[in-house]
Amino acid sequence: MRRRLFKNLIRAPCTEPVSGWRVALEAVGAQLQGTITRTLGRSLAIREVDAGSCNGCELEIHALNNPLYNLEGLGIRFVASPRHADLLLVTGPVSRHMEIALRRTYEATPDPKLVVAVGDCACTGGIFGAGYASRGRIANVIPVDVAVAGCPPDPTRLLTGILTALEGRSARPR
């Protein structure tokens, strides 16, 4: 056992080198942080709504909170109430039972509000489409500012979608 410990102390760790995606992530993060400060003058508050997804997109959204992506360091935080939110991050096709809740959440969010549809199901209805149990894509129920495609989209694409929504907000006349 001692021999193995000494061997591990002497040998270099077996980790992978940093790849190119980390550089892209840092560039998007810096641009996002500047846009948040310029547009809002404070941190961005996001309310995440699952309108009937398979939870694949939620896993990627939760990955944004880990130390690798450091969402809090970029000036973004998740809030529990839509009354405190600047942006709604909506996943999944809208199920019949979530339609009223999604509309109420949208109405409770103060103006000017932004809506980002996350994932193929939220953008197009996915394999569920519109039917007896599903209203289909998010845009069928509430207005959508930005759609982030992918099944599920990776966290860097999510950050890019949030950045696109914020840049669209800053371009709007006040």
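A short reminder: the numbers here are calculations on the coordinates, not readings from a lab. Here the structure is a predicted model, which is why all the values come from computation and not from measurement. As a convention, Cβ positions derive from the backbone with ideal geometry for all residues, glycine included, and neighbour counts pool all protein chains shown.
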Problem - Among H84, N55, S95 the positive-end extreme of the charge dipole of region 42-100 (Cβ point charges) - result: H84
Problem - For S134, distant residues with modelled amide H under 5 Å away - result: R96
Problem - the chain, dipole about Cα centre (Lys/Arg Cβ +1, Asp/Glu Cβ -1), debye to the nearest 20 - result: 580 debye
Practice task
Could you pull out the chymotrypsin sites (Phe, Trp or Tyr not before Pro) across region 41-147 that fall in loop regions by DSSP (anything but H, G, I, E, B) with no more than 10 other Cβ atoms inside 10 Å?
Solution key: Y132
Practice task
Report the local net charge at P82: Lys and Arg +1, Asp and Glu -1, summed over other residues whose C-beta lies under 13 Å from its C-beta.
Solution key: +1
Exercise for the section: Please report, largest first and rounded to whole Å, the three semi-axes of the ellipsoid equivalent to the chain, where each semi-axis is the square root of five times an eigenvalue of the C-alpha gyration tensor. Expected result: 35, 21, 14
Fill in the blank from the handout: Counting only residues 5 or more apart in sequence or on a different chain, those whose built amide H sits under 5 Å from that of L44 are I76, R77
